[in-house]
1. Treating only the Cβ atoms of Lys and Arg (+1) and Asp and Glu (-1) as charged, compute the dipole magnitude of segment 130-295 about its Cα centre; round to the nearest 20 debye.
2. Take the alpha carbon atoms of the chain, find their radius of gyration, then divide it by 2.2 N^0.38 Å using N residues; give the quotient.
3. If you take the beta carbon distance between K230 and R200 as r and set R0 to 25 Å, what does 1/(1 + (r/R0)^6) give as a FRET efficiency, to the nearest 0.05?
4. Along the positive direction of the dipole of the chain (beta-carbon charges: Lys, Arg +1; Asp, Glu -1; about the Cα centre), which of G106, H123, A245 reaches farthest?
5. Tell me the accessible surface of M147 in square angstrom (1.4 angstrom probe, heavy atoms of protein chains only), to the nearest ten.
6. FRET efficiency for T283 and E56, Cβ-Cβ distance as r, R0 = 35 Å, nearest 0.05?
7. With both partners inside the chain, how many of the DSSP beta bridges are antiparallel, as a percent to the nearest 5?
8. Using a cut-off of 14 Å between beta-carbons, work out the net charge of the residues near I9 (Lys and Arg +1, Asp and Glu -1, I9 not included).
Amino acid sequence: MKKPIVLGIETSCDETSAAVVSGGTHLLSNVVSSQVKLHQRFGGVVPEVASRKHVERITWIIQEALDQAKVSLKELDAIAVTKGPGLVGALLIGISAAKALSFATGIPLVPVHHIAGHVYANHLIKPLPFPLVALVVSGGHTELLFMEKHNRFERLGKTMDDAAGEAFDKVARLMGLPYPGGPEIDRLAKKGEPIYDLPRAWLEPGSLHFSFSGLKSAVIQFLQQMKSQKKEVDQHHLASSFQTAVVDVLIEKSINAVRKTGVQHLLLAGGVSANRQLRQQLTERCRKENITLQIPPPELCTDNAAMIAAAGTYQYLDGHFADLTLNADPNYEMNQRVE
Ligand code: KG4
Ligand code: ZN
C-alpha cells in the first residue's frame, strides 16, 4: 500500500504551523512560525492578537510547507487539522484554511486532538512502542495517558487546576521573568539549588492526578514572607526549588502509572518536556526501573504541525474523517474521538 502523504495544520495557540508527513513517520517539512515575541509584552498569549496573526500567516506557511516538502496539493492523501483543545478563535483559522483547501481539492479532512498530536511527535522519531504510558506536559495540559494501540487513548490522570507549563509561566511572572516562563526558570535553575522548602501535591495515595495551584500559592506566600522580613530571594535557588517540586511529582506519578498498567514504555511529550531537569532525572529514573523512555527533540516538544500530521495519518487510516461542518472545539475531550 502507498504510504499516505498528509498535510498537518496547527493553530491552537500562538504557533502558526504547517507540515507534510509521509507514512505517519517521515517528516518532509515542518514550518513553525512562533508569535512568542508578539505576546511577550503582554506577559501571556492574547487570544485576539493570536487569531489575527494566524490569519496573516496561515496561507504562506501552508505554501512553504508544501514547497519545502516538494509535494504538490494533488499528491496529498489527507489534510489533518487541530480541532481542539485550544483557543477557539485561533483554532478556527487553521480549521477554516483546512476546510477551504479540502473543499477546493476534494482531499479528505481529518480532525486531530491536540494532545494526541503531542504524543505522536514521538512517532516521528521512533514508532510508538505499544502498550505505553505517555506523560503530556504543556502550557494547557498535564495528562497521563495509556495507549494500547493507534488512536486509542485512556486517560489515567490529569491536572485538577493549573497545567505544569502554566505553573512555570505564572511563577516566572511572579519572579519578574518574561513570557514564556518555562525556559527562563529552566535556565536560572541550572545555577541554583533546591534550598527553599516548597510543597508537592501528591493528592490521595496512589492518585495519578496532578495539582499545581497550591505550589504557585506557596511561592506567592514565600515571596511575601521574604519581603516582609527584608530578606533577599536568590532567583536561581527559587527557580531550582520550584522546578524540583514540579519535576518530583511528574516523575513519581509517571513511574506509578507505568507500574499500575504493567507496561514497559514511557513517552514524554508537550512543551514542558523541553525542561532539562525533567529530561535528565526521568531518564536516570527510567534506567533504574528498566523502563524504556522516549522523548522527542525540543523542536517537536513544543507546538508544531508535524505532530498533527503524524496523528492525523492514523485517523485517516482508521477512516475517521470530518465534513465541511467541522468546527473548533476548545474543550475537545479525548474520549470523544475514540470509537
Ligand atoms: O506544548 P506547548 O508549546 O504549548 C501548549 O500546547 O501549551 O507548551 C508550552 C509550555 C509553556 O508553558 C512553556 O513555559 C513550557 O511549555 N516550556 C517549558 C520549557 N520550555 C517550554 N517549561 C519548562 N522548561 C522548559 N525548558
Ligand atoms: Zn501543545
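The values are calculated or read from the model by the stated rules, or taken from the named source; none is laboratory data. Owing to the predicted nature of the structure, the values given are computational and were not obtained by experimental measurement. Neighbour counts are summed over all protein chains in view; Cβ atoms, including those assigned to glycine, are modelled from backbone coordinates with ideal geometry. What goes into the accessible areas is simple: the full protein's heavy atoms, side chains included, and nothing from ligands, DNA or RNA. Shrake-Rupley method; radii C 1.70, N 1.55, O 1.52, S 1.80 Å.
1. Values: 22 positive and 18 negative charges, 39 e Å.
Using only the charged Cβ atoms, the result is roughly 180 debye.
2. 1.00
3. Numbers: r = 29 Å, r/R0 = 1.14.
Between K230 and R200 the formula returns 0.30.
4. A245
5. My reading of the accessible area for M147 is about 0 Å².
6. Once rounded, the FRET efficiency stands at 0.30.
7. 60
8. Neighbourhood net charge equals -1.
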